[in-house]
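The values are calculated or read from the model by the stated rules, or taken from the named source; none is laboratory data. Quick caveat, the model's predicted, so the values are computed rather than measured. All Cβ positions, even for glycine, are placed from backbone atoms using ideal geometry, and neighbour counts span all protein chains on display. Keep in mind that these areas ignore ligands, DNA and RNA; they rest on the heavy atoms of the full protein, side chains included. Shrake-Rupley method; radii C 1.70, N 1.55, O 1.52, S 1.80 Å.
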Amino acid sequence: MQEVAHHNGHRQRLREKLISAGSAALHDYELLELYLFRSIPRRDVKPIAKALIAKFGDLGGVTTAPLEQLTQMKGISEKTAAELKLIQALSERLAREQVIGKPVISSWSALVGYCRTALQYERTEQFRVLFLDRKNRLIADEVLGRGTIDHAPVYPREVVKRALAHEASALILVHNHPSGDATPSQTDIDMTRTLAEVCQPFDIVLHDHLVIARENTASFKTLGLI
């Protein structure tokens, strides 16, 4: 009974700290504790939160970790793991709301933020295409290739086919480098140039190609590759 009271007191102090000082005053593991309180009501979750951060690196790593890896952690049930994955889903949805239907030029930082939220923690390479209308508003985002740690298949004709289906006037390509280095490879460069050529007869403009890594993002346009 005394142990339960101690946990309750700690939980209340954390909640009060969040309310009075804001999230910036809390460590990552403390924010994770606050979230775990709801799904693990009768245990000291501080060791669990610290173990999750130690295993997966940071909050982003925890919430994007595969379900099966989360449930291998001591104290994490399938229900708790699913609730942690909910954070990832909400983060992606909120980031998407900041860019969908808006001109990408005026909301570029939000667009990059959305792409990073979706891809920076992916463990295998993923190729996505953002489809834009004539006013450069984002109308769709589709995953058109999934692959291994260092390669995702890309088929230019399939990209054009989807662009025509969306009646898109422009594209932004996005893929991730799970290796951690956002530097475009020669394969990335060759594929982008081929895709730009395939798009030309259809009056579809290729605005940029973003490469997302864990810590940074590379832009083909900024690098002078487009």
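Remark on the range 146-226: Rg and Dmax equal 12.7, 37 Å (Cα only). Taking amide H as placed 1.01 Å from N in the peptide plane, residue 125 has its amide H under 5 Å from the amide H of 147, 148, 149, 150, 151, each at least 5 places away in sequence or on another chain. Counting charges near residue 109 (Lys, Arg +1; Asp, Glu -1) among other residues having Cβ under 14 Å from its Cβ returns a value of +1. Across the range 83-226, the mean sequence separation of Cα contacts (distance under 8 Å, 6 or more residues apart), normalised by length, yields a relative contact order of 21 percent. A Förster distance of 25 Å, applied to the separation of the beta-carbon atoms of residue 38 and residue 181, puts the FRET efficiency at 0.05.
When a/c is below 1.5 the answer is rounded, else prolate if a/b is larger than b/c, else oblate, so apply that to the range 55-169 with a ≥ b ≥ c taken from the square roots of the Cα gyration tensor eigenvalues. All intermediate terms of the calculation are to be shown ahead of the outcome.
Details: a/c = 2.76, a/b = 1.74, b/c = 1.59.
Prolate shape, in that a/c is at least 1.5 and a/b is the bigger ratio.
Straight-line reach from residue 46: taking Cα to Cα under 20 Å and skipping same-chain neighbours fewer than 8 places apart, the lysines in range are 17, 55, 74, 79, 85.
Ellipsoid semi-axes for the range 8-88, based on the Cα gyration tensor and the rule √(5λ), read 21, 14, 10 Å when sorted largest first.
A probe of 1.4 angstrom, applied to the heavy atoms of all protein chains, finds residue 20 with accessible area near 100 square angstrom.
Carbon and sulfur: what percent of the range 62-132's accessible surface (1.4 Å probe)?
55
Working note: Karplus 6.51/-1.76/1.60 with θ = phi - 60° gives the range 173-188 the couplings 8, 9, 8, 10, 10, x, 5, x, 9, 7, 4, x, 7, 5, 5, 4 Hz, where Gly and Pro are set to x. In the frame of its principal axes, the chain has Cα extents of 74, 33, 30 Å, reported largest first. Label-to-label distance for residue 86 and residue 50 is 2.7 nm, based on points extended 7 Å past Cα in the beta-carbon direction. The stretch between residue 146 and residue 74, if pulled fully straight at 0.36 nm per residue, gains 22.8 nm over its current Cα-Cα span. In this structure residue 52 has an accessible area near 0 Å², from a 1.4 Å probe over the protein heavy atoms. Shown here are the Rg and Dmax of the Cα trace of the range 95-134, at 10.9, 34 Å. Length gained on full extension, residue 94 to residue 16, computed as 0.36 nm times the residue gap minus the Cα-Cα distance: 25.5 nm. Measuring r between the beta carbons of residue 24 and residue 189 and using R0 = 45 Å, the FRET efficiency lands at 0.65. Size descriptors for the range 38-123, from the alpha-carbon set: Rg then Dmax equal 15.3, 49 Å.
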